[in-house]
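Novice: Before we start, here is the structure in question, set down as structure tokens.
The values are calculated or read from the model by the stated rules, or taken from the named source; none is laboratory data. Computed from a predicted model, the values in this text were never measured in an experiment. Note that each Cβ is placed from the backbone with ideal geometry, even for glycine, and that neighbours are counted across all protein chains shown. These area figures cover heavy atoms from the full protein model, side chains too; ligands, DNA and RNA do not enter into them. Shrake-Rupley method; radii C 1.70, N 1.55, O 1.52, S 1.80 Å.
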Amino acid sequence: MAESRHSVFRQFAASDWNGFLKGVEKEGLRVDRNGFIAQTPHPQALGSTLTHPRITTDYSEALLELITPVCSSTQAMLASLRDIHRFVQQNLGDELFWSASMPCELDGDASIPIAEYGSSNIGRLKHVYRQGLAVRYGRMMQSIAGAHYNLSLPDSFWRTWQQALGNEQTLKDFKSDQYFWLIRNFRRRSWLLMLLFGASPALDASFVANVSHELSRFDDHTWFGPDATSLRMGDLGYHNNAQSSLNICFNELSTYTQTLDRAIHTTWPAYEAIGTRRGDEFIQINTSVLQIENEYYSAVRPKRTTEREEKPIQALESRGVEYIEVRCLDLDPFSPVGVNEAQVDFLDLFLLDCLLADSPRIGDAECERLDDNYKDVVARGRFRDLSLCRGGNRTPVDQAARELFDQLEPLAELLDGWNGGDTYRSALAEQRRKLPDTGAWAVPSAEVVAAMQSSGLGHREWVMEQSRRHQQTLRSETLDPEVLAAFQTMTRESLGEQQRMEAADGQPFAEFLDQYLKS
């Protein structure tokens with residue numbers, strides 16, 4: 001019998017293990033003092049959303065996205081994220097940075113301003129893509145925020161790992177295959193992340209105005225799912241009827257890029273009926289199932305840093321997978337920066353075990369079961385009688401979680417032995433604490449509902465209180481003068497770079513878009 005990958009990994013010396021490389025992209029709405037989505041333009045003090053390396057916007061002009069550099073430790077990453085938050089909070093004036101995934105008060109699509117990126121062709125392309133999302137799905141679901149966690153392993157690890165496995169591929173191909181090995185197991189286990197970190201069980205009534213749903217009434221302005229973990233990732237959140245026709249295959253890089261590319265070049269009748277222009281205004285990039293790769297909603301993505309004007313598929317095919325992006329994380333409304341240390345350390349442990357555990361290809365039948373498990377935990381993960389389909393058997397959700405925790409324990413002990421300390425055992429113990437023995441669930445979704453109930457506040461008012469508290473905390477913390485100067489330089493340089501791009505751009509946008517689509 002072949003030696004298990006866990007056994008091979010255990011034969012590493014502590015000196016062979018160089019840890020993880022990590023970063024986070026954290027979104028959040030700017031809101032006014034009444035808890036309504038901000039109608040103001042992106043603050044100029046935060047620089048150009050097109051070119052700033054740390055501060056941009058996602059879908060809406062009001063939806064900030066904060067991006068850390070690649071870091072080699074959880075502490076360094078969270079320190080960077082906190083610094084970005086401090087700088088942003090200093091430049092929000094009377095506005096607040098919304099601390100929850102589900103949005104503040106809205107007044108239909110018209111209340112959600114689409115992000116602007118200036119007059120350069122790249123800037124216009126980003127805006128037209130968002131216009132396309134609006135005409136395809138409406139703007140409401142685009143006002144939802146989350147955190148994306150990016151993880152990779154250094155090349156020094158991959159070379160040692162490749163030698164230990166006796167693999168003779170090129171390093172590029174080996175890494176891509178190994179990242180997809182990890183992704184297959186992530187898909188088998190992603191339900192656990194929704195149980196442990198889902199933190200959006202409630203929403204403001206304005207989000208579902210005139211929308212049919214099965215939520216329960218919390219108060220006059222709040223609906224909630226009594227057993228839900230993440231409304232953000234459920235039917236009311238990120239979903240796409242056209243994308244239900246897709247069969248994006250995560251088994252290996254070639255099948256992933258081929259199926260994505262097919263979606264970008266397959267027209268969809270409803271989008272053809274809309275067309276790409278309304279008069280002289282471009283309203284979507286094309287009429288395909290996907291305008292671009294980023295339109296595909298998934299809990300995880302293989303990623304490669306792109307060059308300017310390079311498409312993600314092109315980058316992956318030419319240079320292979322560089323890192324994994326975990327996209328299913330709700331914001332932690334109890335944290336000033338939306339994520340927490342134990343969560344990040346657990347994600348590292350979880351993702352490493354996804355790489356080390358056996359990971360056969362996923363067939364159509366298993367794919368359907370995995371999707372059902374994920375959807376069930378999102379919609380009713382705290383239902384005590386919920387069971388998941390695992391290996392052809394039904395297992396109670398809390399038992400399934402404990403079994404996965406038991407599987408992770410030896411790896412946590414190994415890493416702590418190499419690193420010194422108890423980082424991973426503590427992170428694992430923190431997640432175990434969330435499961436009910438005889439008491440109640442201690443997962444974030446349950447804690448959010450309990451906090452609203454104890455405070456007597458609905459979703460809007462409770463999140464406003466959390467957001468004010470976080471703002472006070474972050475504004476009371478002094479930003480290191482060198483860090484402040486660095487942010488001010490990034491603001492100045494990003495605005496200058498955008499101006500230079502716009503001045504140098506003489507090609508008509510229609511011509512630019514035509515070339516982009518043909519590339």
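Novice: Based on the Cα gyration tensor of the range 343-437, what are the three equivalent ellipsoid semi-axes, each the root of five times an eigenvalue, rounded to whole Å and given largest first? Mind showing how you got there, number by number?
Specialist: Working: eigenvalues 134, 61, 21 Å².
Over the Cα atoms of the range 343-437, the ellipsoid semi-axes are 26, 17, 10 Å.
Novice: Sticking with this structure for a sec: Tell me, what % of the accessible area of the range 1-73 is carbon and sulfur with a 1.4 angstrom probe? Can you show the working numbers first?
Specialist: Numbers: 1480 of 2860 Å².
The nonpolar share, carbon plus sulfur, comes to 52 percent.
Novice: Just to check I understand the Karplus step: with θ = phi - 60° and J = 6.51 cos²θ - 1.76 cosθ + 1.60, what whole-Hz values come out for the range 482-493, glycine and proline as x?
Specialist: Listing the rounded values in order: 5, 5, 4, 4, 5, 5, 5, 5, 4, 4, 5, 5 Hz.
Novice: Now, a different point. So with the 1.4 Å probe, I'd like the accessible area per residue for the range 145-246, rounded to whole Å². Can you show the working numbers first?
Specialist: Details: 3810 Å² over 102 residues.
Here the per-residue accessible area is 37 Å².
Novice: Using the alpha-carbon centroid of each, what span in Å lies between the range 1-33 and the range 317-351?
Specialist: Computed from Cα coordinates, the inter-centre distance equals 9 Å.
Novice: Hey, another quick one. Over the Cα atoms of the range 286-373, Rg to Rh with Kirkwood Rh, two decimal places? Don't jump to the answer; show the numbers that get you there.
Specialist: Numbers: Rg = 16.2 Å, Rh = 16.1 Å.
Here the Rg-to-Rh quotient is 1.01.
Novice: What does the accessible area of Tyr323 come to, in Å² to the nearest 10, when a probe of 1.4 Å is used?
Specialist: Spelled out: Tyr323, probe radius 1.4 Å, area about 40 Å².
Novice: Karplus couplings for the range 90-97 from phi (6.51 cos²θ - 1.76 cosθ + 1.60, θ = phi - 60°), rounded to Hz, Gly and Pro as x?
Specialist: Using θ = phi - 60°, the values come out as 5, 10, 9, x, 8, 7, 10, 9 Hz.
Novice: A follow-up question, please. Name the residues whose placed amide hydrogens come within less than 5 Å of the amide hydrogen of Ser60, ignoring near sequence neighbours (fewer than 5 apart) on the same chain.
Specialist: HN-HN under 5 Å from Ser60: Ala115.
Novice: What does the helix-only formula give at 222 nm for the chain: each DSSP H stretch with n ≥ 4 adding -39500 (n - 2.57), the total divided by the residues, and the result rounded to the nearest 500 deg cm²/dmol?
Specialist: Values: 16 runs with 233 residues, N = 519.
It lands at -14500 deg cm²/dmol.
Novice: Using alpha carbons only, what's the Rg to Rh ratio of the range 19-76 with Rh from Kirkwood?
Specialist: On the way: Rg = 13.7 Å, Rh = 12.7 Å.
Taking Rg over the Kirkwood Rh, I get 1.07.
Novice: When the Karplus curve 6.51 cos²θ - 1.76 cosθ + 1.60 is applied with θ = phi - 60°, which whole-Hz ³J(HN,Hα) does each residue of the range 307-312 get, with x for Gly and Pro?
Specialist: Values, residue by residue: 7, 4, 6, 8, 7, x Hz.
Novice: To continue, here is another question. Treating only the Cα positions of the range 1-117 as identical point scatterers, give the base-10 log of I(q)/I(0) from the Debye formula at each q in 0.19 Å⁻¹.
Specialist: Results for the range 1-117 at q = 0.19 Å⁻¹ read -0.99.
Novice: Now for a separate question. What is the spread of the Cα atoms of the range 110-228 along each of their three principal axes, largest first, in whole Å?
Specialist: Cα spread of the range 110-228 along its principal axes, largest to smallest: 62, 46, 20 Å.
Novice: Pull up all non-local amide H partners of Ala357: gap of 5 or more, or a different chain, and H-to-H distance under 5 Å with H placed in the peptide plane.
Specialist: Distant-sequence amide H within range of Ala357: zero hits.
Novice: Percent of alpha carbon pairs in the chain separated by more than 43 Å? Don't jump to the answer; show the numbers that get you there.
Specialist: Working: 18993 of 134421 pairs.
Beyond 43 Å sits 14 percent of the P(r) for the chain.
Novice: Check Val300: other-chain or 5+ apart residues with amide H under 5 Å from its amide H, H built from backbone geometry?
Specialist: For Val300, the qualifying residues are Arg327.
Novice: Right, another one. Can you sort His221, His470 by 1.4 Å-probe accessible area, starting with the largest? Walk me through the numbers on the way to the answer.
Specialist: Numbers: His221 85, His470 15 Å².
Greatest to least solvent exposure: His221, His470.
Novice: Let me ask something else about it. Please sort by residue number the trypsin sites (Lys or Arg not before Pro) in the range 213-311 whose DSSP state is loop and whose Cβ has at most 13 other Cβ atoms within 10 Å. Could the numbers behind the result be given before it?
Specialist: Working: sites: Arg217, Arg232, Arg262, Arg277, Arg278, Lys303, Arg304, Arg308; in loops: Arg304, Arg308.
Sparse-neighbourhood loop trypsin sites (Lys or Arg not before Pro): Arg308.
Novice: Another question, then. Given the range 413-457, report the % of alpha carbon pairs whose separation exceeds 11 Å.
Specialist: Value for the range 413-457: 71 percent of Cα pairs lie more than 11 Å apart.
Novice: Also: Accessible area of the range 322-433 with a 1.4 Å probe: how many percent of it is carbon plus sulfur? Could you put the intermediate results ahead of the total?
Specialist: On the way: 1990 of 4470 Å².
Roughly 45 percent, rounded to a whole number.
Novice: I'd like the per residue volume of the convex hull spanned by the Cα atoms of the range 362-497, given in cubic angstrom. Don't skip to the answer; put the middle values down first.
Specialist: On the way: hull volume 35.5 nm³, N = 136.
So the per-residue hull volume is 261 Å³.
Novice: May I ask for the net charge around Leu329, where only other residues with Cβ less than 11 Å from the Cβ of Leu329 are counted and Lys, Arg are +1 while Asp, Glu are -1?
Specialist: Details: positive: Lys26, Arg232, Arg327; negative: Glu25, Glu27, Glu325, Asp330, Asp332.
Combined, the nearby Lys, Arg, Asp and Glu give -2.
Novice: Given C-alpha coordinates of the range 175-282, what is the ratio Rg to Rh with the Kirkwood estimate of Rh?
Specialist: Working: Rg = 18.8 Å, Rh = 17.4 Å.
Here Rg/Rh amounts to 1.08.
Novice: Counting only the heavy atoms of the protein chains, how much of Leu92 is accessible to a 1.4 Å probe, in Å² to the nearest 10?
Specialist: Spelled out: Leu92, probe radius 1.4 Å, area about 10 Å².
Novice: Answer with one residue from Val397, Ile144, Gln90: the one whose Cα lies farthest towards the positive end of the charge dipole of the chain, charges on Cβ with Lys, Arg +1 and Asp, Glu -1.
Specialist: Val397
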